[in-house]
Amino acid sequence: MPAAASPDIGLLERGDALEWLERAFTAAGSGAGQIVALTGEAGVGKTSVLRQFAAGHDRDADVRWGACDPLATQRPLAPLVDVARGAPWLDLLERASQRSLIFDALLRDLVSSRRDSLMVIEDIHWADDATLDLLTYLRRRLFSARVLVVVSYRDDEVGSSHPLRAALADLVEGARQRFRLRPLSPGAVGQLAIGSAIDPLELHRVTGGNPFFVTETLAEPGATVPASVRDAVLARVRHLPHAARRALEAVAIVPGGAEIRLVEALADVTVADLDECVERGILRVNGSSLAFRHELARLAWLDTVSPVHLQRLHDRALHMLRTDEIVTVDNARLAHHACAAQDTAAIVQYAGAAAADAAALGAHREAAQQYATALAHAHLLPVMDNAEMCDRFSYECYLTGQIDAAIAARSSALALWRGMGEWRQAGNALRWLSRFNWVAGHGKAAGEFAAQAIEALEHFPGSADLAMAYSNRSQLAMLEGDADGAVVWGNRAIALAEEQQADDVLSHALNNVGTVLLDSGEPQGLPFLERRLALALQHGLAEHAARAYTNISSSLVKLHRFDEAAAQLRQGLDYCLDHDLDTWRVYMTGSMARERFDRGAWDEAIELALWVLHRPGVAPISAVSAMAVVARLRARRGDPEVWSMLDRALALATDTGEVQRLAPVVAARAEAAFLAGAPSRAAGELASTLELTRGRDPWSAGELSLWARRAGLADAGPTEIAACAEPYRLHLQGDVAAAVAMWEALGCPYDAADCAADSDDPVTVSAAYDTLIGLGASARADQVADTLRAMGQSVRRGPRSSTRRNPEGLTDRELEVARLLAEGRTDAEIAVALVISRKTTSHHVSHILTKLGARNRSEATAIVVRRRM
């Protein structure tokens with residue numbers, strides 16, 4: 001009797017995944033281009049599913065395939081090396097200094113095809129920043145193209161601090177565009193184990209249903225179930241000839257696959273030896289390279305190689321690749337081998353070069369990593385080269401939001417420049433330390449470094465460096481609300497910059513002066529700044545363009561010019577995404593959270609604010625505003641965990657020394673105290689901060705004056721009230737109806753209702769109550785309900801708006817907790833994700849179980865999944 005055919009693991013329990021891909025492909029074919037993600041743990045079968053799907057469309061679509069490699073530091077745009085094979089734009093990858101050329105070429109290639117286009121990029125959990133930026137670029141431009149891009153990643157390796165976690169929100173818009181492959185069921189494992197002596201239940205228990213673990217274990221007929229996948233791999237390899245095992249060692253040292261010529265030379269093997277590895281199903285041929293059939297197998301085998309032998313293999317590979325003119329690799333690959341070979345001279349040479357390559361492509365995070373690798377052996381560098389590399393490293397850290405590292409590196413550079421007597425470079429380092437300390441929220445230190453920089457660089461009169469030091473001082477004055485100082489220092493910088501034809505300095509200084517004009521309400525302020533932005537874009541000054549977008553958008557939000565602000569925020573965020581400028585992207589996201597908050601789009605506001613706060617190493621200047629938004633929303637909704645966040649925000653804001661950070665936090669604290677029935681709790685800080693805002697910021701002065709009145713402090717005089725922003729002025733002067741009308745015209749529903757609640761007219765107060773209930777502002781609604789009862793009006797309290805939207809009766813916060821619960825998160829993990837205490841998390845879980853009628857967490861999880869909550 002013939003043997004039963006083995007089930008195809010590529011299809012076993014994967015029909016739903018293939019159907020999902022087919023639906024996405026059909027939608028793309030109708031002109032709804034998109035990016036979708038196939039996820040799952042390592043070894044779950046993502047590649048098998050994608051190959052099966054792509055094979056079904058090799059005749060009706062142009063299929064392109066690329067993959068990311070787990071190098072010590074990723075190569076910029078590595079997947080495009082495979083995607084671009086045979087394309088007319090292949091040479092761009094070697095000579096283009098701007099990513100936009102590469103991105104545009106790929107997009108043209110995809111959309112110009114006569115057939116539908118399918119592009120697969122595997123393992124984006126190893127993607128460099130440039131590749132993630134490419135995907136974001138495509139996502140925003142494929143909406144009308146017949147293109148489907150499928151990415152895959154290991155979701156078990158993408159933790160809360162992984163760069164991909166933040167990028168996913170930009171790449172994949174909703175749950176329908178993401179599919180997670182699950183491990184195989186016991187029944188499926190039993191099908192695979194047909195004909196094997198292995199107990200299928202024990203096999204499922206040991207492997208957890210992971211297809212790779214299952215197949216590797218079954219690959220050794222008659223063997224008992226190995227204790228680990230490593231044992232399974234070793235058991236399979238044990239009977240290979242010695243030469244074939246040497247080949248595996250050579251292939252294992254190169255993530256993603258090694259060139260066949262390199263393997264032959266490195267392992268001293270023949271083609272027959274390599275064929276043996278391929279025929280045994282351990283290696284696969286990928287063009288002119290060999291790769292392990294699965295990354296886990298590579299890692300398992302690599303773990304068996306002795307450290308000394310491994311170091312020698314990398315050393316020989318490095319030597320061969322440096323001298324071989326046929327096999328050419330990039331600096332990142334050479335740096336990978338140099339690190340493993342512990343060849344310090346080569347590490348410095350190639351990691352430094354790889355960093356420069358990455359920076360030129362705009363992959364700033366990879367550049368920072370490579371510079372860090374090189375600087376670990378800085379003692380090998382000449383002192384001047386060491387200082388210059390510290391400068392470059394600090395700049396890349398600054399661009400990517402790694403501010404503490406930026407300060408440390410620039411401080412090292414300063415010491416080196418001073419030691420060499422290079423006072424001009426030392427002055428520049430002082431100016432950068434001023435900037436970095438400002439981003440870190442250290443306002444006093446920023447001012448001290450700024451003064452030292454000017455003192456040092458005034459020994460070089462008429463220089464562009466001195467002009468930038470003046471502009472830096474202008475910027476600090478502008479941020480402190482010192483309009484006169486900003487203009488005086490700005491004009492000095494402008495004069496010098498024009499004399500030196502320093503476009504970057506000119507853009508920086510004009511940005512400072514323009515922001516002062518805009519903040520002061522001057523009509524020419526916005527056009528002035530927009531011209532400065534155009535100048536930065538024209539000259540390719542990415543940092544200055546990002547800063548212009550940031551200043552314009554944040555000023556417009558503060559001035560309550562929300563439509564204009566939203567347009568600038570969208571453009572600015574897109575620009576920062578395209579140019580890998582995390583520092584400004586995070587800041588502008590905080591500004592967008594405030595814009596959404598003021599306009600009553602609270603679910604969006606809190607999502608944006610929490611995204612900011614969950615960013616690894618988020619700068620205090622960005623965190624402060626996000627904390628204020630989250631805390632105010634919690635206070636308005638009657639949620640817990642308000643004051644702990646407000647206390648942290650106050651500490652950060654105070655350290656900056658800037659009224660623009662302090663005023664929103666103090667306003668939030670005053671509101672939280674008022675809503676909690678203890679309006680005097682924030683009276684002290686309210687009074688002192690109010691004095692700082694007067695004459696500087698009419699919006700903050702107006703808001704704080706209102707809270708001061710509600711806290712029982714001495715009322716502002718007529719002159720001070722007259723200087724407040726218009727809706728606050730009207731409210732404080734007693735013209736509630738006019739103030740309400742203005743708030744409504746500005747598009748601020750909560751402020752309008754809050755103001756209307758002070759009316760003497762029951763109809764107006766009742767309307768305010770309805771608005772507050774609709775917003776979910778239960779804390780203020782409760783107060784207004786008491787006012788209505790005091791007026792003799794009846795009040796019917798409905799459910800909170802968040803509860804009305806959810807038939808199960810869960811609030812928005814409980815729904816967030818329920819979804820994380822369904823992901824298998826513990827209370828501690830949920831607390832970290834939502835920035836709440838474990839005690840509060842436990843309370844939420846208890847309420848969820850009660851409302852869902854669940855006896856335990858497992859039942860609650862089943863209900864959440866079944867009802868698609």
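The values are calculated or read from the model by the stated rules, or taken from the named source; none is laboratory data. This structure is a prediction, so every number in the text was calculated from the model and none was measured. Glycine gets a Cβ as well: all are built from the backbone with ideal geometry, and neighbour counts include every protein chain shown. To get the accessible areas, we keep the full protein, side chains included, count just its heavy atoms, and leave off ligands, DNA and RNA. Shrake-Rupley method; radii C 1.70, N 1.55, O 1.52, S 1.80 Å.
Structure notes:
- Boolean, ALA169 is in a helix (DSSP H, G or I), of a type in the set (Gly, Ala, Ser) and out of contact with any strand residue (DSSP E or B) (no Cβ under 9 Å at 6 or more places or on another chain): yes
- Some residue of the range 697-714 being without any contact (Cβ under 8 Å) to a residue 12 or more places away in the chain and surrounded by fewer than 22 Cβ atoms within 10 Å (Cβ to Cβ): yes
- ASP647 fulfils the conditions (1) under 26 Å from CYS397 (Cα atoms); (2) without any contact (Cβ under 8 Å) to a residue 24 or more places away in the chain except for a single criterion, (1).
- Test: residue in the range 96-104 that is in contact (Cβ under 8 Å) with a residue 40 or more places away in the chain, surrounded by 15 or more Cβ atoms within 10 Å (Cβ to Cβ) and within 20 Å of the chain's Cα centre (by Cα): yes
- Being surrounded by fewer than 22 Cβ atoms within 10 Å (Cβ to Cβ) and within 24 Å of the chain's Cα centre (by Cα) holds for only one residue in ALA409, ALA415, ALA405, and it is ALA405.
- If the condition is being small (Gly, Ala, Ser), free of Cβ contacts under 8 Å to residues at least 60 places away in the same chain and crowded, with 20+ Cβ neighbours inside 10 Å, then the range 162-193 contributes ALA167, ALA193.
- Scanning the range 564-580 for residues that are open to solvent by less than 10 Å² (accessible area, probe 1.4 Å) and at pLDDT below 90 returns a single hit, ASP580.
- Qualifying residue in the range 72-95 (condition: within 18 Å of the chain's Cα centre (by Cα) and open to solvent by 10 Å² or more (accessible area, probe 1.4 Å)): yes
- Within the range 222-236, the presence of a residue that is crowded, with 16+ Cβ neighbours inside 10 Å, at pLDDT 75 or above and among the small types (Gly, Ala, Ser) is excluded.
- Taken together, ALA546, ALA495 contain a single residue that is open to solvent by 30 Å² or more (accessible area, probe 1.4 Å) and over 30 Å from ARG636 (Cβ atoms), which is ALA495.
- From the list ALA408, ALA367, ALA387, the lone residue that is in contact (Cβ under 8 Å) with a residue 24 or more places away in the chain, out of contact with any Lys or Arg (no Cβ under 9 Å at 6 or more places or on another chain), assigned to a helix (DSSP H, G or I) and not charged (D, E, K, R) is ALA387.
- If the condition is being over 21 Å from ALA360 (Cβ atoms) and at pLDDT below 95, then the range 383-403 contributes only ILE403.
- LEU518 being of a type outside the set (D, E, K, R), in a helix (DSSP H, G or I) and open to solvent by less than 40 Å² (accessible area, probe 1.4 Å): yes
Here is a yes/no grid of residues against (1) farther than 27 Å from GLY617 by Cα; (2) surrounded by fewer than 23 Cβ atoms within 10 Å (Cβ to Cβ); (3) not acidic (Asp, Glu):
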| position | (1), (2), (3) |
| --- | --- |
| ASN331 | yes, yes, yes |
| LEU334 | yes, yes, yes |
| ASP343 | yes, yes, no |
| ALA355 | no, no, yes |
| ALA358 | no, no, yes |
| LEU361 | no, no, yes |
| HIS364 | no, no, yes |
| ALA367 | no, no, yes |
| LEU375 | no, yes, yes |
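- Of all residues in the range 481-495, those that are closer than 22 Å to ASP697 by Cα have Cβ atoms under 6 Å from Cβ atoms of residues that are of a type outside the set (A, V, I, L, M, F, W, C), 6 or more apart or on another chain, in GLY481/ARG696; ALA486/SER474; ALA486/ASN512; TRP489/TYR470; TRP489/ARG473; TRP489/SER474; GLY490/SER474; GLY490/ASN512.
- Just so you know, in the range 652-696 the residues that are at negative phi and not in a helix (DSSP H, G or I) include one that is most open to solvent (accessible area, probe 1.4 Å), and it is ARG696.
- Scanning the range 131-161 for residues that are touching a His at 6+ places or on another chain (Cβ under 7 Å) and either surrounded by fewer than 18 Cβ atoms within 10 Å (Cβ to Cβ) or small (Gly, Ala, Ser) (or both), we see that the one that is farthest from ALA42 (Cα to Cα) is SER160.
- Among the residues of the range 498-515, just one is open to solvent by 10 Å² or more (accessible area, probe 1.4 Å) and β-branched (Val, Ile, Thr), namely VAL513.
- Qualifying helices (runs of 4 or more DSSP H) (wholly inside the range 698-795; at least 3 residues being over 37 Å from the mean Cα position of the chain (by Cα)): 698-710, 718-722, 726-732, 736-746, 762-775, 778-790
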